Amino acid sequence: MKDNSMSSISDVEAFKNNYGVNDLDNIFELTNLSYQVGEKKILKNISLNIEQGKYITVVGPSGSGKSTLMRILASMISATSGEALFNGKKISSYEPTEYRRRVSYAFQQPTLFGKTIKDNLEFPYIVRGKEFDKDQVVKFLNYVNLDESYINKSVNDVSGGEKQRIALLRNLIFPPEVLITDEVTTGLDTENKEIVHSILNRFNQDDGLTILRVTHDDSEIEQAMDKITIKNGEVV
Amino acid sequence: MSNLTVSNSTLALGFILVIIALVIGYWQKLQIDKDIIIGVVRAIIQLTIVGYILKFVIKANDVWLTMAFFVIIVINASWNAGKRGNGIPKAFQFSLLAISVGTVITLGTLVWTGSIQFIPEQIVPFTGMIASNIMVAIGLCYRNMKQSFTDRHQQILEKLALGADIKLASEDIIRESIKSGMQPTIDSIKTLGLVALPGMMSGLIIAGVDPVKAIKYQIMVTFMLLASTSIGSFISCYLAYKQFYNEQKQLNSDLLS
């Protein structure tokens, strides 16, 4: 984990220098954030701060607006009103692709790209215009209990749990500052869930990765240290 | 030319063929009699007007008039291709650029190589052939692109979430859309002479031209259509895909069907 930390720190520092941002206690500051589609208000005047390095569990009933809020934070959609700051600057002021490399979003039911697992694990390198680093990739595969033989496997030859772990590695090979996971353990068996928990805990504790985890899983909610609850588009 | 014997009276007798289509439609209760009659009347009126205009343009043999005809064909083809964009913003403008560039490059190459001369009776029909072919190709590109963005929006979202630029996120769709525009031309080339004797070659043979000479023209037309559809598909796809994103490089869900 340490080797990766070194490379990721320089990456993060370069990003911060580029945008002239400093380390703040609050990595996100949201003020009166709203999102509506037509007449329907999905998020209503959300104001909250998210501290750097925290592992926050976002809970609430289905349709309460959790995923919408996470997608706004990941710059996948934009709020219709209010202000969302990342490291003290408006999310919209960052170049979107650079921002998404710092605030990475992992989906509930990911699709694997191309034909092989390599196509997927190479993607973060292609995005950054870097050479594929096989040693680094093997090390990351080992973090999620997979070995080198997976690199050349067909995307059709992996189980649901393996697919989710590989998809998660796409987000983590170049560690971001924030990782948003949207119900990534839903439908996984206990063993796969534990592997996912383990890698997220390691990155949070060893690298200070801020994690926002949306979940409906009772055991995950019970174990959560920090929680945000959203109901009817509002923080309660 | 002496073999061509389509006079007004033979054309009127030829109307029997339309009646056959109408009878089949009525007998099988296809409810297409109105469409057939409107289609035939429109074809007669449009072709008659175009015939007289072409006669005037060819007789005048004026560069500016020929150019004006070129512009009218290109704008008309772009308008129709734009309509096939089915909600893609600026589809007309993109089609206009793609058809203009495709037609100018292809036609320019033909004139430059001496394959055709810059005279109205050659420029006008070749412009029509090239522009209509690009128009069909662009229509296919737009349709494929819109469908692919809809079908694969989840994968695109994931690529964007990993920090991919919109071009990288759309690469597969752009590639497939260009291919879908070119595919009919490539497919028709494969069966040339085996299944179909294409319009231009058939027209020349009917007009009494030596079939071997007619084939040379057809080979040239094949090269021309291949080039024009590739240029048109390439330009239109690379301009249109950006419309599926907003300025924050987010997927524009309003465009997905």
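The values are calculated or read from the model by the stated rules, or taken from the named source; none is laboratory data. All of these numbers come straight from a predicted model, not from anything done at the bench. As a convention, Cβ positions derive from the backbone with ideal geometry for all residues, glycine included, and neighbour counts pool all protein chains shown.
Just to verify a result, which residue in region A:119-143, among those that are in a loop (DSSP other than H, G, I, E, B) and touching an Asp or Glu at 6+ places or on another chain (Cβ under 9 Å), is farthest from the other protein chains (Cβ to nearest Cβ)?
Here is the first cut: in region A:119-143, the residues in a loop (DSSP other than H, G, I, E, B) are A:128-133.
From what is left, the residues that are touching an Asp or Glu at 6+ places or on another chain (Cβ under 9 Å) are A:128, A:132.
Details: A:Arg128: 8, A:Phe132: 15 Å.
Among those that are in a loop (DSSP other than H, G, I, E, B) and touching an Asp or Glu at 6+ places or on another chain (Cβ under 9 Å), it is A:Phe132.
Answer yes or no as to whether B:Leu204 is closer than 30 Å to A:Phe174 by Cα and either acidic (Asp, Glu) or assigned by TED's automatic domain parsing to the domain that holds B:Cys237 (or both).
On the way: closer than 30 Å to A:Phe174 by Cα: no; either acidic (Asp, Glu) or assigned by TED's automatic domain parsing to the domain that holds B:Cys237 (or both): yes.
Considered against the rule, which asks whether it is closer than 30 Å to A:Phe174 by Cα and either acidic (Asp, Glu) or assigned by TED's automatic domain parsing to the domain that holds B:Cys237 (or both), B:Leu204 comes out as no.
Considering only region A:184-207, I want to know if a residue exists there that is in contact (Cβ under 8 Å) with a residue 60 or more places away in the chain and within 14 Å of chain B (Cβ to nearest Cβ).
yes
Would a scan of region B:169-178 turn up a residue that is away from every other protein chain (no Cβ under 14 Å) and within 25 Å of B:Gly108 (Cα to Cα)?
yes
Just to check your reading of the model, which residue among B:Lys242, B:Lys159 is under 30 Å from A:Ala74 (Cα atoms), of a type in the set (D, E, K, R) and surrounded by fewer than 17 Cβ atoms within 10 Å (Cβ to Cβ)?
B:Lys242
Give the number of residues within region A:88-118 that are of a type in the set (Lys, Arg), under 11 Å from the mean Cα position of the chain (by Cα) and either assigned to a loop (DSSP other than H, G, I, E, B) or within 7 Å of chain B (Cβ to nearest Cβ) (or both). Break it down stepwise before answering.
So the first thing to find is which residues in region A:88-118 are of a type in the set (Lys, Arg), and the list is A:89-90, A:100-102, A:115, A:118.
If we keep only those that are under 11 Å from the mean Cα position of the chain (by Cα) as well, we get A:100-102.
Subsequent filtering for residues that are either assigned to a loop (DSSP other than H, G, I, E, B) or within 7 Å of chain B (Cβ to nearest Cβ) (or both) retains A:100-101.
Qualifying residue count, region A:88-118: 2.
Which of (1) in contact with a helix residue (DSSP H, G or I) (Cβ under 6 Å, 6 or more places away or on another chain); (2) within 11 Å of chain B (Cβ to nearest Cβ) is the odd one out, the single condition A:Ala84 does not satisfy?
Unmet condition: (2).
Looking at region B:142-155, is at least one residue within 15 Å of the chain's Cα centre (by Cα) and either of a type in the set (S, T, N, Q) or more than 25 Å from B:Tyr217 (Cα to Cα) (or both)?
Yes - at least one qualifying residue is present in region B:142-155.
Can you confirm whether B:Gly181 is surrounded by fewer than 16 Cβ atoms within 10 Å (Cβ to Cβ) and in the same structural domain as B:Phe126 (by TED's automatic domain parsing)?
Spelling it out, it is not the case that B:Gly181 is surrounded by fewer than 16 Cβ atoms within 10 Å (Cβ to Cβ) and in the same structural domain as B:Phe126 (by TED's automatic domain parsing).
For (1) within 14 Å of chain B (Cβ to nearest Cβ); (2) closer than 22 Å to A:Asp217 by Cα, each residue gets a yes or a no:
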position: A:Glu39; (1), (2): no, no
position: A:Ile42; (1), (2): yes, no
position: A:Asn45; (1), (2): no, no
position: A:Gly60; (1), (2): no, yes
position: A:Gly63; (1), (2): no, yes
position: A:Ser67; (1), (2): yes, yes
position: A:Ser75; (1), (2): yes, no
position: A:Ser78; (1), (2): yes, no
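I'd like the residue in region B:163-212 that is of a type in the set (Ser, Thr, Tyr) and under 15 Å from the mean Cα position of the chain (by Cα) and, out of all such residues, is nearest to B:Lys242 (Cα to Cα).
Top of the filtered list is B:Ser180.
Sort out which residues of region A:170-225 are β-branched (Val, Ile, Thr) and touching a Phe, Trp or Tyr at 6+ places or on another chain (Cβ under 9 Å), and write them in order of number.
The answer is A:Ile173, A:Val178, A:Ile180, A:Thr181, A:Val184, A:Ile195, A:Ile199, A:Thr210, A:Ile211.
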